[in-house]
Amino acid sequence: MTLKIKRLDHHGIVAGIINDLDLVELIDEHLPQDDKQEITPGEAIKGMIMNGLGFSNRPLSLTPQFFTNLPMEHLFRSGVEASHFNRHKLGRTLDQSYQFGCESLFSLVSQKACLSEQVNTDFQSLDSTAYSLTGRYDSSCDEGEEIPIQITHGYSKDHRPDLKQVVQEMIVSQDGGVPLACKNWDGNASDNKIFRERSKALIESFKASKRTQYCIADSKLYHKKNSEFLSQIQFITRIPSTIKEENKAIANALKKELWHVIDENYQFYEQEINHMEINQRWLVVHSKAAKERAEKTILRRTIKSLKTLEKALFHLQAQRFACENDAKKALDELDKKQKFHRIVKPVCTAYPQYEGKGRPKPNTPIKSFEWQVMGDIEINQAVINEAVEQKSCFVLGTNADKSALSSEEILSRYKAQSCVERGFRFLKDPLFFVSSLFIKKPSRIDALLMIMTLSLLIYSIAQRRLRTSMKVVKATIPNQINQPTPTPTLRWVFQCFEGINILQTTANYLYESLLIDGMDELRRRIISYLGAKVGLIYINQNSCVGV
């Protein structure tokens with residue numbers, strides 16, 4: 001009898017979810033196949049996803065090392081070996097994905113997954129982020145080929161303006177944070193352009209939907225050049241503070257003080273407005289948390305402006321002016337520049353200038369007078385209070401009818417915009433694919449970012465399925481501090497599955513047994529929430545095979 005021990009851990013969950021969504025079969029339908037291939041493009045992409053969700057921080061070139069101690073026949077199929085996931089195969093798969101179209105390939109997988117899992121796509125959150133990259137990249141292409149994304153310098157959201165970057169746009173469903181679409185852009189692409197193109201693309205998909213769908217995004221969605229497309233879709237967005245009407249709306253709400261209280265943190269004032277030729281509802285939201293932040297911000301600005309004013313006043317008092325009016329005028333000009341302070345109690349003092357040199361005598365004639373101006377600094381508390389209140393408010397705009405969305409729901413849907421931000425944080429985790437971005441060809445980076453987003457798709461589908469199943473039976477599992485939680489993160493579940501091994505035994509060259517070691521009551525319960533195909537990977541198996 002021979003015995004082999006392989007690590008299973010949480011990799012069975014990832015493989016089971018991928019199998020459940022028929023991801024390999026779907027990709028193989030659209031990417032070209034080779035008669036001599038050892039693994040298909042779909043299996044290669046499945047391997048890259050498993051590498052990413054293994055959180056091992058290995059570059060693509062070391063993918064075979066990642067699979068060395070994993071049960072390949074169990075996670076893939078008979079005949080698949082770790083060496084098959086070499087850099088040449090993975091590189092060709094990235095090229096094939098790029099040639100097919102990364103955005104199109106992702107949409108095919110996402111649509112099927114959402115349909116299979118019955119994900120509610122009525123509310124779609126849109127945002128973008130930037131990935132900082134190092135090194136030199138060859139963006140050249142042959143005649144007739146599509147120009148790949150340009151990896152170049154641009155506005156750095158990572159606060160690394162010294163590094164080149166690529167920008168990724170992503171739409172996720174607020175139901176579980178499931179990615180619905182992704183597209184990669186040049187490193188210097190602006191959010192205004194990205195959101196405008198996405199709004200244009202959403203028109204047809206929203207019209208084709210039987211249900212009303214909404215696009216939720218930050219203030220970059222709302223600008224004049226995008227008004228043509230915004231008028232044709234349903235949107236919820238934050239109105240930019242650079243728009244005069246936004247400031248007027250806040251001032252009007254603060255003046256009327258007709259607030260509708262939602263809870264202890266939020267209250268709102270609603271008004272109807274026609275702006276950019278779109279009939280809208282504007283929701284002026286006053287936030288307690290925003291007020292606390294505003295007080296700290298305004299305090300910092302007040303202290304900074306006070307120091308600047310004290311320095312300017314010191315130098316002004318050291319000057320001499322030819323007449324009293326010039327001295328007062330200089331003080332008034334300095335006072336006009338102040339926002340949070342005022343210069344009060346101005347005093348002008350005349351200093352005589354005598355003819356001749358040296359110390360003047362009592363009878364020395366006066367040639368002229370020079371004037372010095374002085375004043376005290378006073379805090380303008382009324383302006384400070386007004387600035388705090390103004391900064392405590394923000395304006396949400398929507399063209400949705402009141403019968404479709406209440407004011408409270410508009411706010412809650414906008415706050416749920418954090419789901420796309422969580423997705424970006426997941427993708428930019430130091431343990432997730434970070435080393436794999438060291439690829440020379442921009443076209444392959446484009447494809448790899450798509451596969452990274454596919455990994456987020458698998459992760460979010462699994463987490464949503466787990467939480468939904470637990471909610472149905474009102475179940476909980478212990479969290480990191482051993483307290484019951486009904487909404488565990490899948491990352492924590494992965495950690496709970498550390499230490500599960502497969503014992504593969506072969507006797508008489510005929511009978512092969514797969515024994516799962518390390519399963520306990522909690523792990524079995526979690527597996528039951530994740531579906532039958534995941535469960536099949538974590539059960540003991542016996543088979544009669546010729547070895």
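Every number in this text was worked out from the coordinates using simple rules, so none of it is lab data. The structure displayed is predicted, hence computed values, not measured ones. FYI the Cβ positions are ideal-geometry reconstructions off the backbone, even for glycines, and counts take in every protein chain you see.
Can you tell me what share of the DSSP beta bridges in the chain is antiparallel? A percent to the nearest 5 is fine.
Numbers: 70 of 77 bridges.
Here the antiparallel bridges make up roughly 90 percent for the chain.
Cross-link pairs exceeding 19 Å between alpha carbons, from the set 157/441; 157/220; 200/225; 112/474; 164/225: 157/441; 112/474; 164/225.
Here is the list for region 88-178: GluC sites (Glu not before Pro) lying in DSSP coil, each with at most 15 other C-beta atoms within 10 angstrom of its C-beta, are 143, 145, 146. Over the chain, DSSP H runs of length four or greater, each weighted -39,500 (n - 2.57), average out per residue to a 222 nm ellipticity of -13000 deg cm²/dmol. Within the set (i) 27.1; (ii) 28.1; (iii) 23.6, the number that Kirkwood radius over Cα pairs in Å takes when calculated for this structure is listed as (ii). Using a cutoff of 8 angstrom between alpha carbon atoms and counting only pairs six or more residues apart, the relative contact order for region 292-386 works out to 33 percent.
Among the trypsin sites (Lys or Arg not before Pro) in region 152-224, those located in a DSSP loop and surrounded by at most 12 other Cβ atoms within 10 Å of their own Cβ are 210, 211.
Place a point 7 Å from Cα of residue 197 in the direction of its Cβ. Which residues in region 237-279 have their backbone N less than 16 Å from it? Flagged as within label range: none.
Selection among 340, 302, 314 by position relative to the dipole of region 262-343 gives 314 as farthest towards the positive end (Cβ unit charges, Cα centre).
If the reach is capped at under 20 angstrom between alpha carbons, list the lysines near residue 339, excluding any in the same chain fewer than eight residues apart. By straight Cα distance, residue 339 reaches 244, 248, 291, 296, 304, 307, 311, 328, 329, 391. With both labels modelled 7 Å from their Cα along Cα-to-Cβ, the residue 431 to residue 361 distance reads 9.3 nm.
Listed by number, the DSSP H helices of the chain that run 30 Å or longer by alpha-carbon position along their axis and have mean Kyte hydropathy of at least 1.6 come to an empty list.
The stretch between residue 337 and residue 422, if pulled fully straight at 0.36 nm per residue, gains 26.4 nm over its current Cα-Cα span.
What aspartates and glutamates does residue 224 reach when the alpha-carbon gap must be under 15 Å and sequence neighbours fewer than 8 apart in one chain are set aside? The reachable aspartates and glutamates, counting only those whose Cα sits under 15 Å from residue 224, are 191, 197, 245, 246, 277.
The slack between residue 68 and residue 299, meaning 0.36 nm per residue of separation minus the straight C-alpha distance, is 77.4 nm. Its Cα centre serving as origin, the chain has a Cβ charge dipole (Lys and Arg +1, Asp and Glu -1) of approximately 2060 debye. Ranking 39, 353, 233 by Cα position along the charge dipole of the chain, where only Lys, Arg, Asp and Glu carry charges on their C-beta atoms, puts 353 farthest toward the positive end. Between residue 525 and residue 401, the simple label model (points 7 Å from Cα in the Cβ direction) yields a spacing of 4.7 nm.
In units of the compact-protein estimate 2.2 N^0.38 Å, region 218-284 shows a Cα radius of gyration of 1.18.
Each DSSP beta bridge with both residues in region 145-299 is either parallel or antiparallel, and the antiparallel ones are about 85%. The equivalent ellipsoid that matches the C-alpha gyration tensor of region 292-386 spans semi-axes of 38, 11, 9 angstrom, in descending order.
For GluC sites (Glu not before Pro), the sites in region 316-403 that DSSP calls loop and that have at most 11 other Cβ atoms within 10 Å are 355. In this simple spin-label approximation, residue 344 and residue 158 carry label points 7 Å from Cα along the Cα→Cβ vector, and these lie 5.2 nm apart.
What dipole magnitude, in Debye to the nearest 20, does region 67-206 give about its Cα centre under +1 on Lys/Arg Cβ and -1 on Asp/Glu Cβ? Provide the component values of the computation, followed by the final result.
Values: 14 positive and 20 negative charges, 48 e Å.
In total the dipole reaches around 240 debye.
Farthest toward the positive end of the dipole of the chain, out of 98, 113, 129, is the Cα of 129, where the dipole comes from beta carbon charges about the Cα centre.
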